[in-house]
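The values are calculated or read from the model by the stated rules, or taken from the named source; none is laboratory data. Keep in mind that what you see is a predicted model, and the values were worked out from it rather than measured. Neighbour counts run over all protein chains shown; Cβ positions are idealised from the backbone, glycine included. Ligands, DNA and RNA are excluded from the accessible area calculation, which covers all protein heavy atoms including side chains. Shrake-Rupley method; radii C 1.70, N 1.55, O 1.52, S 1.80 Å.
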Amino acid sequence: MNILIKDAKNHVDKEITIRGWMYNRRGSGKIYFLQLRDGTGFIQGIVTSQESGETAMKIAEQLTMESSVKVTGIITKHPKQEDTFELQVRGIEIVQLCIEEYPISKKEHGPDFLLDNRHLWLRSGKQWAIQKVRDVVIQAIYDFYHQNGFIKVDTPILTPNACEGSTTLFEIDYFDEGTMFLSQSGQLYLEAAIMAVGRGFDFGPTFRAEKSKTKRHLTEFWMMDAEAAFVEHEESMEIQENMMCFIVERCLTHCQKELKILERDIEPLKKIKAPFTRLTYTEAIKKLNEMGSDIKHGEDLGNDDEGLLTQDSNVPVFVHKWPRAIKPFYMKVDPENPELVLNDDLIGTEGAGELIGGSQREDDYETLKTAIDKEGLNGPEYQWYLDLRKYGSVPHSGFGLGLERTVGWICGVQHIRETIPFPRMINRNRP
Ligand code: 4AD
Ligand code: MG
C-alpha cells in the first residue's frame, strides 16, 4: 500500500510503500540510512543485507542524491525519539537515478547560487518548511475571514488606474486601449464589491515597480486586501489584530515541525496576543526622537525606525493617524484634525517591519474628488470609484496584508525572497 510520510504513525508494524526522493544517504557496506522525503515529510529508511536483502542493498549502494524512488518496508517507532518513525526497508525501486551530481549539497552555498537554482533549492528542508508555513498562513486567512462574515471576491490584476501612486506601476501595452497596469492592490475594486457583499477579501499577486533593494521588497508579491462596510478606523484595527493572532496561533499549532526545521525560537510568537500597542504617528515620531532617531514629523518611517519602535515590544505596534500629505488619496481625513488621515500601519516584532497597511476610506464625494484631482489622477478611471460615494456611501475601512512579510516574520527568515517560491526583484527575474 502506498502511504504518505506524514501518515506513517498510522501504519506502525505494517508493510507499506513510500514514493519520493532520496535527499541524503549515510552508512556504507553493512548498513545504509536513506533520508527519504515525499513532500509531506521526512523519514529514515534503514537498509541491511539481513533485513532488506542483497538486491535492496545493491540499489541502496548505487543511489545518488535526489534520485526518485519507491521504497517498501515496515514502519517502526524510532527507539529514542518521540513521534519519529523509521522505515525498515524490504525493497527499493528506482524511478529515476540521477546520473549527474546534484548541484546543491550539504556544504554552504552563496545566496546567488541558491537563487539561480531556486527550482532545486525549493527541495531543501528549510525551503520546504517555509512553503508549508506559507500554505498554513493562507488557509488561516481564509478561515479567519469566513468565520467573520467576509467572503472572497477576486479583483483584477490588469487595471487602468493606480491605487498606490503612479511611481511604482508596471505598464502593459493593451491592444487598442492603450496603457494598462499590473495591480498594486485590489483595494479600489474591493471597495466597490463590498457595497454588494458587505465584507470581502481578495488574495492575489500584486506588483510594484519598486526601486528598493531591501530585504522586504519584491516586485511581485501576494497581498490579502480586506474591506468592510460600516467598519470604522478603531474596529478595523481590532480586525487586523485578531487576524494576526489567529494566523500566529494557527502556525504554532499546525507548524511545530516546520518551525523546528527553521530553528525558529517560538517563544516570541507565543506572546503575540491582542491588544497590540497603538501609537499615533505623532507619538511614534516623539518616541523615535527620544530614542535617538533623527526622523522629522512628516517623514515616512524607515527600516531602522520600525525596528526601534518595536524593539521593546512583545506585540506588533500600530502606528496610526499619519499626515495626510504623505498618504494616498483614498484615506479618510481625520475629523479631529484635517492634516491627518484615519490610517494605520502594523509593524511586526523582531524587526519584521510593516506587515499591514490600512485605513478608513474617504466616503465623502467632494472631499475624495478634490483629493483625486490633487494627485492628478482625475478622469474616467476614477469616476466609477467616485460613484461609490454617490450611491449609498457608507463609512468603510480596509487594509492589505503582505503575505511574504508575514510568512517571513513567522518563520524568522531574514530576507522575504525565501518566502515566495520564485522571487521577483529588480535584479532577479529567473528562474
Ligand atoms: O501598505 P500598502 O502599500 O497598502 C496598500 O496597497 C493598500 N491599498 C492595502 C489596502 O488597504 N487594501 O501594502 C500593503 C502591504 C504592506 O503592509 C506590506 O506588508 C506589503 O503589502 N508590501 C510589500 N511586500 C513585499 N514587497 C513589496 N514591494 C511590498 N509593498 C507592500
Ligand atoms: Mg504601506
Seminar exercise, completed: Exactly one of GLY400, GLY392 is within 29 Å of the chain's Cα centre (by Cα) and either crowded, with 21+ Cβ neighbours inside 10 Å or over 23 Å from ALA140 (Cα atoms) (or both), and that one is GLY400
Exercise. Quick one: how many residues across segment 275-298 are surrounded by 13 or more Cβ atoms within 10 Å (Cβ to Cβ) and either in contact with a Cys (Cβ under 8 Å, 6 or more places away or on another chain) or of a type outside the set (A, V, I, L, M) (or both)?
Worked result: 11
Exercise. Got a sec? Which of GLU366, GLU339, GLU354, GLU350 is away from ligand 2 (no atom under 16 Å from the Cβ), in the same structural domain as GLU234 (by TED's automatic domain parsing) and assigned to a strand (DSSP E or B)?
Worked result: GLU339
Exercise. Of all the residues that make up segment 25-59, how many are touching a residue at least 40 places away in the same chain (Cβ under 8 Å) and open to solvent by 40 Å² or more (accessible area, probe 1.4 Å)?
Worked result: 2
For this session: For residues that are within 22 Å of ILE239 (Cα to Cα) and part of a loop (DSSP other than H, G, I, E, B), tally how many sit in segment 322-334.
Result: 5
Exercise. GLY376 fails exactly one of the following numbered conditions: (1) at pLDDT 95 or above; (2) in the same structural domain as ARG216 (by TED's automatic domain parsing). What is the number of that condition?
Worked result: (1)
Exercise. What is the one condition in (1) outside any loop (DSSP other than H, G, I, E, B); (2) open to solvent by 20 Å² or more (accessible area, probe 1.4 Å); (3) touching a helix residue (DSSP H, G or I) at 6+ places or on another chain (Cβ under 7 Å) that ILE141 does not satisfy?
Worked result: (2)
Problem set entry | Members of segment 319-361 that are among the acidic types (Asp, Glu) and away from ligand 1 (no atom under 12 Å from the Cβ) | ASP334, GLU336, GLU339, GLU350
Exercise. Out of the residues in segment 157-166 that are away from ligand 1 (no atom under 12 Å from the Cβ) and open to solvent by 50 Å² or more (accessible area, probe 1.4 Å), which is nearest to ALA228 (Cα to Cα)?
Worked result: ILE157
Problem set entry | Any pair with Cβ under 6 angstrom, 6 or more apart, that starts in segment 222-240 at a residue that is on the phi > 0 side of the Ramachandran plot and ends at one that is not hydrophobic (A, V, I, L, M, F, W, C) | none
Exercise. Which ranges mark the strands (runs of 3 or more DSSP E) fully within segment 1-100 that have 3 or more residues being within 19 Å of ILE261 (Cα to Cα)?
Worked result: 15-28, 31-37, 42-48
For this session: Determine the pairs where a residue that is under 18 Å from LYS213 (Cα atoms) and within 15 Å of ligand 2 (Cβ to nearest atom), located within segment 391-415, has a partner that is among the charged types (D, E, K, R) and assigned to a loop (DSSP other than H, G, I, E, B) with Cβ atoms under 7 Å apart, the partner being 6 or more residues away or on another chain.
Result: ARG405/ARG216
Seminar exercise, completed: Flagged in segment 94-108 as surrounded by 11 or more Cβ atoms within 10 Å (Cβ to Cβ) and out of contact with any Ser or Thr (no Cβ under 8 Å at 6 or more places or on another chain), in numbering order, are PRO103
Exercise. Quick check: is even one residue across segment 132-150 at pLDDT below 95 and touching a strand residue (DSSP E or B) at 6+ places or on another chain (Cβ under 8 Å)?
Worked result: no
Exercise. Does MET195 fit the bill of being in the same structural domain as VAL315 (by TED's automatic domain parsing), farther than 25 Å from PRO421 by Cβ and among the aliphatic types (A, V, I, L, M)?
Worked result: yes
For this session: Restricting attention to helices (runs of 4 or more DSSP H) lying wholly within segment 209-311, give those where 3 or more residues are of a type in the set (S, T, N, Q).
Result: 233-254
Problem set entry | Any chance CYS245 is more than 16 Å from ligand 1 (Cβ to nearest atom) and buried (at least 21 other Cβ atoms within 10 Å of the Cβ) | no
Exercise. What do you reckon, is GLY73 small (Gly, Ala, Ser), surrounded by fewer than 18 Cβ atoms within 10 Å (Cβ to Cβ) and either in contact (Cβ under 8 Å) with a residue 60 or more places away in the chain or closer than 27 Å to VAL12 by Cβ (or both)?
Worked result: no
Exercise. Just for segment 170-219: of the residues that are over 24 Å from the mean Cα position of the chain (by Cα) and of a type in the set (A, V, I, L, M), which one is most open to solvent (accessible area, probe 1.4 Å)?
Worked result: ALA196
